[in-house]
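Here the structure comes first, spelled out in structure tokens, and everything after it is commentary.
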Amino acid sequence: MTKDRPDSRPGEAQDVPGTVGDELPPGAVPEEEPPARRSRGAFVRELVVIVVIALGLSFLVKTFLAQPYYIPSQSMESTLDIGDRIIVSKFTPQHSSLHRGDVIVFKDPASWSSGPKPQQPLLKRMVKDSLIFVGVLPGGGDHVVKRVIGMPGDKVKCCTKTGKLTVNGVEITEPYIKAGNAPSLQQFDITVPAGAVWVMGDNRGDSADSRFHDGSSGGKLGSVPMDDISGQVVAIAWPLDRIQSLKSYGNVFARVPKP
């Protein structure tokens, strides 16, 4: 026969040792409460942090290492086609030497300006410029892609009796020129100014390059200032069937002496 606790009444439930409200017996392990669900606010905060970190890393890569650009015209065919996405190294010429034959991206020089360009709606332009700034979208627009033919001080002339260019008096054979194109149909004889390069498109018959913008200035207006160069094109990243590194053509200019 059991004896009721003094403070209990008949029919009342009695506390059972080890349940809530009683001390656990020696050696017992308390049950863990199920983890609380993360609030929607916490998820949003984490997502924002991830996006900010991703954009920050993208900006750093774009600023100091490499940046994507797209090809809007046919002036570099067949090396680069319309719609190609290219990777541009920021190390050249900022931290490594530029060479004849390199393909570069540069800002449209002031001497090449052809007047104001049509403007997109303000909001669309701001969003696009912001995404390009952090490196999410490929650049383009006011940037130009060409191949370096003459370095500072070089004397570039067209053309010999065989229709080829000469650099510092040495005739060069250019395998990168689009099939069916002559090295140049335009005669010129220029000297590249200090701190600038002479550039030409691989599609020589359809490229508004240094020749087009120079007029009769002897190389002063058509040459591109080094300060306007964004970097060297090192690879095609898109489309998938065109992914490749860009071939170096240093051998084309191997016999060219210093100016």
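The values are calculated or read from the model by the stated rules, or taken from the named source; none is laboratory data. Only a predicted model underlies this, so the values are computations on that prediction, with no experimental measurement involved. Note that each Cβ is placed from the backbone with ideal geometry, even for glycine, and that neighbours are counted across all protein chains shown.
One residue is enough: does segment 170-180 have a residue meeting the conditions among the β-branched types (Val, Ile, Thr), surrounded by fewer than 18 Cβ atoms within 10 Å (Cβ to Cβ) and in a strand (DSSP E or B)? There is at least one residue in segment 170-180 that is among the β-branched types (Val, Ile, Thr), surrounded by fewer than 18 Cβ atoms within 10 Å (Cβ to Cβ) and in a strand (DSSP E or B).
Within segment 156-169, being outside any strand (DSSP E or B) and not β-branched (Val, Ile, Thr) holds for Cys159, Lys161, Gly163, Lys164, Asn168, Gly169. Within segment 181-205, the residues that satisfy the criterion of being under 21 Å from Leu80 (Cα atoms) and either without any contact (Cβ under 8 Å) to a residue 12 or more places away in the chain or in a loop (DSSP other than H, G, I, E, B) (or both) are Asn181, Ala182, Pro183, Ser184, Gly201, Asp202, Asn203.
Given the options Ser216, Ser223, Ser184, Ser210, name the one that is at pLDDT below 95 and closer than 22 Å to Pro259 by Cβ. That would be Ser216, the only listed residue that is at pLDDT below 95 and closer than 22 Å to Pro259 by Cβ.
Selection of segment 156-170 for residues being farther than 16 Å from Met200 by Cα and within 34 Å of the chain's Cα centre (by Cα) yields only Asn168. Under the condition of being under 24 Å from the mean Cα position of the chain (by Cα) and part of a helix (DSSP H, G or I), which residue from segment 206-259 is nearest to Phe106 (Cα to Cα)? My answer is Asp228.
Within segment 218-247, residues that are farther than 14 Å from Asp81 by Cα have Cβ atoms under 7 Å from residues that are surrounded by 15 or more Cβ atoms within 10 Å (Cβ to Cβ) and charged (D, E, K, R) in these pairs: Leu221/Asp214; Gly222/Arg211; Gly222/Asp214; Asp228/Lys107; Ser230/Lys107; Gly231/Lys90; Gln232/Asp102, counting only partners at least 6 apart in sequence or on another chain. Among the residues making up segment 202-228, those that are more than 18 Å from Ser75 (Cα to Cα) and surrounded by 14 or more Cβ atoms within 10 Å (Cβ to Cβ) are Gly218, Gly219, Lys220, Leu221, Pro225, Met226, Asp228.
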